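The values are calculated or read from the model by the stated rules, or taken from the named source; none is laboratory data. Fair warning: this is a prediction, and the values are worked out from it, not measured in the lab. Note that we place each Cβ from the backbone using ideal geometry, even for glycine, and neighbour counts take in every protein chain shown. Surface areas here come from the heavy atoms of the whole protein model, side chains and all, with no ligands, DNA or RNA. Shrake-Rupley method; radii C 1.70, N 1.55, O 1.52, S 1.80 Å.
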Amino acid sequence: MTESAPILEFHAVSRHYAGTPRPAVDRVALAIEPGEVLALIGGSGSGKTTLLRLAAGLESPDGGEVRLDGVLVAGGTLRREVPPERRRLGLVFQEGALFPHLTAAANVAYGLRGRPRAAIQERTAECLRHVALEDKAGRYPHELSGGERQRLALARALAPSPRLILLDEPFSHLDPTLRRRLREEVGSILAAFGQTALLVTHDPEDVFAMAGRVAILEQGVLRQIGPVASVYRDPVSRYCAESLGAANRVVDPATGRERWTRPEDFRLPADGATPTTGEARVEAVRETGARIELRLAPADGAGDEPWHVIWPDTAGSTPLPAPGDRIAVAWRP
Amino acid sequence: MPTASTGDRPSLPLTARDGSRRFRPDRWGALVTVGGAVLSLPLVAVLLRAGGESPAWESLVGNLLGGYIATTVGLVVLVVALALPLGVLPAWLVSTCDFPGRRLLSWMLVLPLALPTYVAAFVFYRLPEAAIPALVRIRTEHGADAFLTAEFALRFGLLALMLAAVLYPYLYLAARSAFSRQCRSQIESARLLGDGIAGAFFRVALPAARPALVAGGAFVAMEVANDYGAVHFFGVTTLSAGIFRTWFGSGDLVAALRLAALMMATMLVLLALERLLRGRAQYLTGSQATPPARRRLPAGKATLAVLVCLVPLAIGFLYPVGCLAHWAWLHVSAEGGFALPAGLRPVPALGLAAATTLFATVFAALVAYAARLRQTLPRRAAGGLLALGYAIPGAVVAVGVLSVTGFIDRLHLPLLPLIGGTLPALAFAYAARYFAIPLKLAEAGLEQIGRPVEEASRVLGAPPGRTFLAISLPLLRGPLIAAAILLFVDLIKELPLTLILRPAGFETLATTAFSLASEARLQACAVPSLLVIAAGVVPLFLLEKRLSPSRRHD
């Protein structure tokens, strides 16, 4: 085991459930480096949860290899299979999967078995403190709120110092306000622990708040992987573009090539050196609190789908167009 | 067992060559396979021995078999048809309406479960005597054939009604739990879409409860097909009674075993049919759904509701228990007390039932867990095989157990005393016959706990064994207690296995009651019958306190 070995590696990993037309995971290759948070994003049925379960040892691959710290744990020529309990991973489930008959402290201590009693107590207290549940140690899961339960699940997974923590849509059952707060908290807790993590989600906000890199899965196939900002900027397809947020299809009239732009990339040709992309007709103007959104119909070959754009803050120098107006448009390069 | 003092210990074996999982002994798989093999030995023995020489078989097929089958099918269909309204209507009323006495009726409606069908038969089979004048008139006016037909129809109909009234709780329990799990919004949308309360029942609640009703109906059908005591008293020869008659009457064991094999095949078909009927019908139910708010009924309708609930309860429990209490009173006051018959020692009989219950329940939890751990074909097959005993008449299982113990005893193994006709052999027969009850409840319980909790435990470093002890078993406590209670009640009532396999002189409450009733000493049999019922009512009361869906809301 060398210091530079990736924590988790997938080599052409496949999983095909009997009776389904296509593999749930199809020859996926990726690696997670120590200390990073990698997000796996994709729609439902994209295979992202299957991939996470393959990493945890809760599923067996039909092909390919899974390695942890460079050591083969599943697949390969021997079809070797290290059971989940010997992989030293942490897993946070969608709904927490807390042990309902154990207190918060006992839940956290569950994975610490085999250590001296004092060490267990100390580590349990430390982990509960990190998730701000130190005063709820004696409560049972059903006596905690939704957010507290999810934080407890995180503390339980972190307590045994796993080499890698797997988060399976950990916020999807929470209401929007709580989600926002919790993903910030979880992000900073992971950072404080220097924790390597694999985050499965379908919500781009989770990716932006927590992940350094993102991998996009579509129908079991890995479509794109890279730093979050560059994937956001340069998606390779509509699916990859829309996985991380709203996107507009812009066709270069000269070359006919399509590219994907973000709503906030919209510019008026006047406000700088941005070249004019073309013309568009304003279909609708909508003020949504802090910002103004326009729906534009592209003209002359720049695309055949409406663009949803955010009106740039032009400090009032350009009057807001009205529906029916034709305007010249440009995009941030 | 790994131990560690720091969190940074790598717990992986670090070379790729050591212990591949494939070549490790699969202890959980072995447990299921060995357990399944041992408990299904009696059934295999039946099939093996059915191939022997049988002098009576030809004439049996030619003369009697058709009648046995027709009687069995007719009785099963009639009982299920009668039990459906008896079970489902009260279930619907107590789970969706509110009326005086609802809570009391809700649990009392379960009580017929404590009444063995043969005890009910002691009471009911005297009723046709009231019809004797009418039968005599038929005889004189229409001749002997008409008389025989009328007399048989009377017995058959009364038997069916009695069985339906004693067995409807299987449907009632299934329907009640289905209705209380249906979410409020489904029923309420039906009503908002213009259905009346009856429309909501027939168009939404009933179809949605179909899987539960099919399962409950299958239980009723199996109980009827397997019944021995009641059909014997009424002189209605079903396939199950035919097995006894062929064996003891014509002394042809092989012919009896062939009938048993035929019956096993029929049960397999029925079980497959049940699977098919339930099929894809895993309807969406709100797990956390609020059950429909109960509608308070106006006085007139409330009276009607109470009556609808009282009818099955009265026929299936209150009337027979009242009769027995009256007989017991007559008997005790005539004899100046009641002496337990020689041989009846309640403590070993109850102890045997309790020990079997304990063993079977724990083993069922292990098997259900192992089968879930990895869904391999042998494990699933073992699970199905283990549950099969319940679908087979006690008499058949008894013959199978006799074959197995006879075979082992003939081997004269050193250090092993003769096991035929001992209490352990009887306990083994109980387990082989009734293992389905704890197994199915444990499976359902695990299903309800859900996999993520177990998976979380595994990922946190607990191997399957520790996960079972620390997580699954404590969480299964409720279902397992329920399973133990149901099993215990069934074992106390058990008749055919005990009759055939008990050690000489060993009497349970059930065999005592049955032999007294067979000697037509009905008043004397009332006391042990009431004791059997009491031994069943107490656990059922405790169970109902635990399970009642109303508990959460009242």
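Quick check: with the 1.4 Å probe, what order do A:TYR239, B:TYR172 take by accessible area, largest first?
Working: A:TYR239 60, B:TYR172 0 Å².
Highest to lowest solvent-accessible surface, that is A:TYR239, B:TYR172.
Of the DSSP beta bridges with both residues in chain A, give the percent that are antiparallel, rounding to the nearest 5.
Numbers: 45 of 62 bridges.
In chain A, DSSP labels about 75 percent of beta bridges as antiparallel.
Of all accessible surface on region B:21-117 at a 1.4 Å probe, what whole percent is carbon and sulfur? Write down the numbers at each step before the final one.
Values: 3180 of 4630 Å².
That fraction is 69 percent.
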Taking Cα centroids, how far is region A:79-116 from region B:97-123 in Å? 46 Å
Computing the accessible area with a 1.4 Å probe over protein heavy atoms, can you report the carbon and sulfur percentage for chain A? 51 percent
Just grab the label-to-label distance for A:GLU143 and B:GLU129, each label 7 Å out from Cα along the Cβ direction, in nm (one decimal). 6.3 nm
Amide H neighbours of A:VAL92 under 5 Å, counting only residues 5+ apart in sequence or on other chains, H built in-plane at 1.01 Å? A:LEU166, A:LEU167, A:ASP168
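Quick one: work out the % antiparallel among DSSP beta bridges in the protein assembly as shown, nearest 5. Intermediate results must be reported in sequence, preceding the final value.
Details: 45 of 65 bridges.
The answer is about 70 percent antiparallel.
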I want the local charge near B:LEU473. Using Cβ-Cβ distances under 12 Å, sum +1 for each Lys or Arg and -1 for each Asp or Glu among the other residues. +1
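At 1.4 Å probe size, put A:ASP69, A:ASP234, A:ASP206, A:ASP252 in order of accessible surface, largest to smallest.
Details: A:ASP69 25, A:ASP234 105, A:ASP206 0, A:ASP252 65 Å².
Ranking A:ASP69, A:ASP234, A:ASP206, A:ASP252 by accessible area, largest first, yields A:ASP234, A:ASP252, A:ASP69, A:ASP206.
Of the accessible area of region B:369-503, with the probe set at 1.4 angstrom, what percent is carbon plus sulfur? Walk me through the numbers before you get to the answer.
Numbers: 3420 of 4950 Å².
Carbon and sulfur together cover 69 percent of it.
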Keeping all protein chains in the complex and leaving out DNA, RNA and ligands, what accessible area do you get for B:LYS301 with a 1.4 Å probe, in Å² to the nearest 10? 120 Å²
Here the residues of region B:449-467 whose accessible area is at least 20 Å² smaller with all protein chains than in the chain alone (probe 1.4 Å) are B:PRO452, B:VAL453, B:GLU455, B:ALA456, B:ARG458, B:VAL459, B:LEU460, B:GLY461, B:ARG466
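Counting protein heavy atoms only and a 1.4 angstrom probe, how many square angstrom of accessible surface do chains B and A bury in total, to the nearest 100? Could you put the intermediate results ahead of the total?
Working: alone 26940 and 16090 Å², together 39800 Å².
Counting both chains, the buried surface is close to 3200 Å².
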With every protein chain in place, what's the accessible area of A:VAL71 (1.4 Å probe, Å², nearest 10)? 20 Å²
Could you grab the relative contact order for chain A? Cα pairs under 8 Å, six or more apart, rounded to a whole percent. 16 percent
So, R0 is 35 Å and r is the distance between the beta-carbons of A:GLU36 and A:GLN219; what FRET efficiency does that work out to, to 0.05? 0.85
Which parts of region A:1-44 would a label at A:ARG79 reach, counting a residue when its backbone N lies under 18 Å from a point 7 Å out along Cα-to-Cβ? A:13-19
Using a cut-off of 15 Å between alpha-carbon atoms, which aspartates and glutamates can reach B:LYS493, once sequence neighbours fewer than 8 places away in the same chain are excluded? B:GLU223, B:ASP227, B:GLU507
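Which FRET efficiency, nearest 0.05, do B:HIS326 and B:ASN63 yield, Cβ-Cβ r, R0 41 Å? Numbers along the way, then the final one.
Working: r = 42 Å, r/R0 = 1.03.
According to the calculation, E is roughly 0.45.
Largest first, what is the accessible-area ranking of A:HIS11, A:HIS101, B:HIS412 with a 1.4 Å probe? Walk me through the intermediate numbers first.
On the way: A:HIS11 75, A:HIS101 55, B:HIS412 140 Å².
The residues order as B:HIS412, A:HIS11, A:HIS101, largest area first.
Could you give the accessible area per residue of the protein assembly as shown, probe 1.4 Å, as a whole number in Å²? List each step's numbers first, then the result.
On the way: 39800 Å² over 887 residues.
Value returned for the protein assembly as shown: 45 Å² of accessible area per residue.
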Need the C-alpha centroid separation for region B:21-88 versus region A:56-78, integer Å. 44 Å
How big is the gap, in Å, between the Cα center of region A:192-264 and the Cα center of region B:509-541? 75 Å
What is the distance, in nm, between label points placed 7 Å from the Cα along the Cα-to-Cβ direction at B:ALA153 and at A:HIS16? 6.4 nm
In degrees, nearest 10, the alpha-carbon axis of helix A:146-158 is tilted away from the dominant principal axis of the alpha carbons of chain A by 60 degrees
What does the accessible area of A:THR103 come to, in Å² to the nearest 10, when a probe of 1.4 Å is used? 30 Å²
Chain-alone versus full-assembly comparison, region A:76-99, residues with accessible loss of at least 50 Å² (1.4 Å probe): A:LEU78, A:ARG80, A:GLU85, A:ARG86, A:ARG88, A:PHE93, A:PHE99
Degrees separating the helix A:176-193 axis from the principal Cα axis of chain A, which is the longest one: 60 degrees
